[in-house]
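Data first, discussion second: the structure below is written as structure tokens.
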Amino acid sequence: MSETRSGGCLCGAVRYEVAWPPLGVSACHCTHCQKQSGSALSVIARVPREALKMTGVLTDFHDTAESGGSVIRRFCAKCGSPLISEIPQGQSAAFLFIKTGTLDDTSGASPTSHWWTSSAQEWFNFPDDAVMMERQ
């Protein structure tokens with residue numbers, strides 16, 4: 001059954017609504033996501049582009065991922081909260097990757113797959129049932 005979830009940035013200047021559940025929830029352990037999030041990983045929900053409605057001003061950072069592909073990282077222009085990642089090429093161009101920590105209700109947003117496990121911090125313990133990919 002489909003529902004709508006809301007979320008936004010730390011300061012409240014950016015708000016969104018997204019169709020839920022997502023197509024998938026993953027944890028990315030690449031070094032770029034570690035630096036961007038200031039943490040060991042970034043948990044993201046993959047949704048079709050048309051599933052997201054957003055208000056507020058975002059700032060873009062155009063990054064070259066460890067894979068060599070382009071990633072657009074989108075932040076609140078006021079408080080800097082990371083909200084969305086976009087991969088503008090290939091099959092991923094049809095989707096947006098929402099940072100699940102920005103959801104108002106994070107229930108049901110547990111990652112079922114882990115990407116870039118080769119870059120994971122050594123102390124991280126992967127769940128036994130997780131799908132793991134050394135790269136994405």
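The values are calculated or read from the model by the stated rules, or taken from the named source; none is laboratory data. Bear in mind that the values here come from a model prediction, so they are computed numbers and not experimental data. Cβ placement follows ideal geometry from the backbone for every residue including glycine, while neighbour counts extend to all protein chains displayed.
Here ASP104 does not fit the description of being of a type outside the set (Lys, Arg) and either surrounded by 12 or more Cβ atoms within 10 Å (Cβ to Cβ) or over 27 Å from GLU17 (Cα atoms) (or both). Between LEU83, LEU96, LEU58, the distinction of being touching a strand residue (DSSP E or B) at 6+ places or on another chain (Cβ under 8 Å) and surrounded by fewer than 21 Cβ atoms within 10 Å (Cβ to Cβ) belongs to LEU58 only. Name the residues in region 127-136 that are of a type outside the set (Val, Ile, Thr) and either at pLDDT 95 or above or not in a loop (DSSP other than H, G, I, E, B) (or both), would you? If the condition is that a residue be of a type outside the set (Val, Ile, Thr) and either at pLDDT 95 or above or not in a loop (DSSP other than H, G, I, E, B) (or both), then MET132 is the only one that fits. Residue pairs whose Cβ atoms lie under 6 Å apart, sitting 6 or more positions apart in sequence or on different chains, and linking a residue in region 107-130 that is aliphatic (A, V, I, L, M) to a partner that is in a loop (DSSP other than H, G, I, E, B), are ALA120/HIS29.
Checking each residue in region 107-136 for being surrounded by 15 or more Cβ atoms within 10 Å (Cβ to Cβ) and either within 26 Å of VAL14 (Cβ to Cβ) or not hydrophobic (A, V, I, L, M, F, W, C) (or both) picks out ALA109, PRO111, SER113, HIS114, TRP115, THR117, SER119, GLN136. For region 33-45, the candidate set comprises residues that are in contact with a Ser or Thr (Cβ under 9 Å, 6 or more places away or on another chain) and crowded, with 19+ Cβ neighbours inside 10 Å; within that set, the residue that is farthest from HIS114 (Cα to Cα) is GLN36.
Summed over region 46-55, residues that are buried (at least 16 other Cβ atoms within 10 Å of the Cβ) and more than 22 Å from GLN91 (Cα to Cα) total 1.
The residues in region 80-123 that are of a type in the set (A, V, I, L, M, F, W, C) and not in a loop (DSSP other than H, G, I, E, B) can be counted, and the count is 10. Name the residues in region 24-60 that are charged (D, E, K, R) and closer than 12 Å to PHE97 by Cβ, would you? Answer for region 24-60, where residues must be charged (D, E, K, R) and closer than 12 Å to PHE97 by Cβ: ARG46, ARG49. Here LYS53, LYS35 are screened, and the one residue that is free of Cβ contacts under 8 Å to residues at least 40 places away in the same chain and under 16 Å from ARG15 (Cβ atoms) is LYS53.
When the test is whether a residue is in contact with a strand residue (DSSP E or B) (Cβ under 6 Å, 6 or more places away or on another chain) and at pLDDT below 95, PRO111 does not pass it. Is there a residue being in contact (Cβ under 8 Å) with a residue 60 or more places away in the chain, under 13 Å from the mean Cα position of the chain (by Cα) and within 22 Å of THR112 (Cβ to Cβ) anywhere in region 61-68? Scanning region 61-68, I find no residue that is in contact (Cβ under 8 Å) with a residue 60 or more places away in the chain, under 13 Å from the mean Cα position of the chain (by Cα) and within 22 Å of THR112 (Cβ to Cβ), so the answer is no.
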